[in-house]
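A short worksheet on the structure shown next.
The values are calculated or read from the model by the stated rules, or taken from the named source; none is laboratory data. A quick note: this is a predicted structure, and the numbers were derived from the prediction, not measured. Here the Cβ positions follow ideal geometry from the backbone for every residue, glycine too, while neighbour counts run over all protein chains shown. The protein model used for the area step is the full one, side chains on, heavy atoms only, and it has no ligands, DNA or RNA in it. Shrake-Rupley method; radii C 1.70, N 1.55, O 1.52, S 1.80 Å.
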Amino acid sequence: MRLTRKVKDILSWYESDNPGTKGNLARILMTGKLGGTGRMVILPVDQGFEHGPARSFAPNPPAYDPRYHFELAIEAGLNAYAAPLGALEAAAGSYAGCIPTILKVNSSNSLSTTKDQAVTATVQDALRLGCSAIGFTIYPGSEYQFEMMEELRELSAEAKAVGLAVVTWSYPRGPMLDKVGETALDIAAYAAHIAALTGAHIIKVKPPTDAVFLDAAKKTYQSHPVDVKDAAARIAHIVQACFAGRRLVVFSGGEAKGADALLNEVRAIHAGGGNGSIVGRNAFQRPKDEALKLLSDIIDIYKGKA
Ligand code: FBP
C-alpha cells in the first residue's frame, strides 16, 4: 500500500513512535472511503457498558449482536471500529483483517456513582485480537482523574512499546463541572490538550459549546477571543489545543439526534480542521440502511463533496 502525502505528513508529527505504531496509525488512516485523506470516521460501540444494553441497542435490535457492528463499519467504509474486549472477542475471528480495530481497555457503567472506569482488557488482548490501537477514557475533573491518567501512562507505554497506537477519549466530568461545564469550549480544549500531553496519538472529545466555564479562563478568552458563536471556530480552537494541529482529533456524535443536526456538526468539524467523527449511537441505533445513508453523507462532507 502506498501512503498518500497527507498520511505521510501526519505520521511525521509522531516523532518518537516506532514503525509498528506508525504502521497501525497508517492502517487506520488509509482504510475505508476516507482512506488517505487525513480524515476519519470511526464506529465506537462501548455504550452497552456505559449506558446498558437496552438503552444502547433496543432502538435497533440487530445491534445486540457484536457481528452487526463489524458489518456496519465495513459496509459503510469506515476507518476503524472500537469496542470493549468481549464484543471484539465475539467476532474478531470472522472479521480478522477486514477493518482496523481499537480495543477499548477501560469502561464505566451507569450503576456506578463514581466518575471512574475499570481496566477491563490488556495490551496483550489487543495484540491477540489483531487490534491497531488501544482506547482509553480519562475523566479530567473527576476525583479519580490522576489514577486514570496513571493507568493510561502504564498502558500507553506498553502499547507503544509493542507498536500499537493509543486513542484517548477525554471527557471532562466531576464535582466542579456541571453539564454546561463538561462541554464548554475552555474545558473541551483543556481536556483535548491534557490527552495530547498524556501522549495520545488520536484524541477524542465532544464538540464544544459556546460556553466558557472557568472564571480564570474567561479573562484570557476575552483578551484573546475565539469566535465562540461559530461552531467551526470552536473546532479550530480544539485543533489548536492538540499541539497546533499536530495530533489527530476526532469528535463524538452524542445521543441519537436528527440527521440534519449531526451533519451540521460534521460540517463544522470539517470546516474547523478536525480530523473526523467517532459516531456510535447515531449510527447503530438507526436501521442499517438509514445508518449507511447517514454515514455516507458524513463521509461526503469530509471529502468536501457536500
Ligand atoms: P456516541 O457517538 O454514541 O456518543 O459514542 C461516543 C462515546 O464516546 C462512546 O464511546 C461512549 O460510550 C459514549 O460516547 C459516552 O457517552 P456519554 O458521555 O453520553 O455517556
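Brief remarks on what is shown
- Scanning region 140-161 for residues that are of a type outside the set (A, V, I, L, M) and closer than 14 Å to ALA196 by Cα yields a count of 3.
- Unique match (being touching a His at 6+ places or on another chain (Cβ under 9 Å) and more than 16 Å from the ligand (Cβ to nearest atom)) among LEU185, LEU129: LEU185
- Qualifying residue in region 205-215 (condition: within 24 Å of ASN18 (Cβ to Cβ), under 19 Å from the mean Cα position of the chain (by Cα) and either outside any helix (DSSP H, G or I) or without any contact (Cβ under 8 Å) to a residue 40 or more places away in the chain (or both)): no
- Of all residues in region 1-26, those that are at pLDDT 95 or above and open to solvent by 90 Å² or more (accessible area, probe 1.4 Å) total 7.
- Criterion (within 13 Å of the ligand (Cβ to nearest atom), in contact with an Asp or Glu (Cβ under 9 Å, 6 or more places away or on another chain) and either under 26 Å from ARG2 (Cα atoms) or in a loop (DSSP other than H, G, I, E, B) (or both)) met by exactly one of ALA91, ALA82: ALA82
- Restricting region 42-63 to residues that are hydrophobic (A, V, I, L, M, F, W, C) and near the ligand (Cβ under 8 Å from one of its atoms), the residue that is surrounded by the most Cβ atoms within 10 Å (Cβ to Cβ) is VAL45.
- Yes/no for ILE238 being assigned to a helix (DSSP H, G or I) and either away from the ligand (no atom under 16 Å from the Cβ) or buried (at least 20 other Cβ atoms within 10 Å of the Cβ) (or both): yes
- For region 273-300, a residue qualifies if it is crowded, with 21+ Cβ neighbours inside 10 Å and either more than 12 Å from the ligand (Cβ to nearest atom) or part of a helix (DSSP H, G or I) (or both), and the qualifying residues are GLY274, ASN275, GLY276, ARG281, ASN282, ALA283, PHE284, ALA291, LEU295, ILE298, ILE299.
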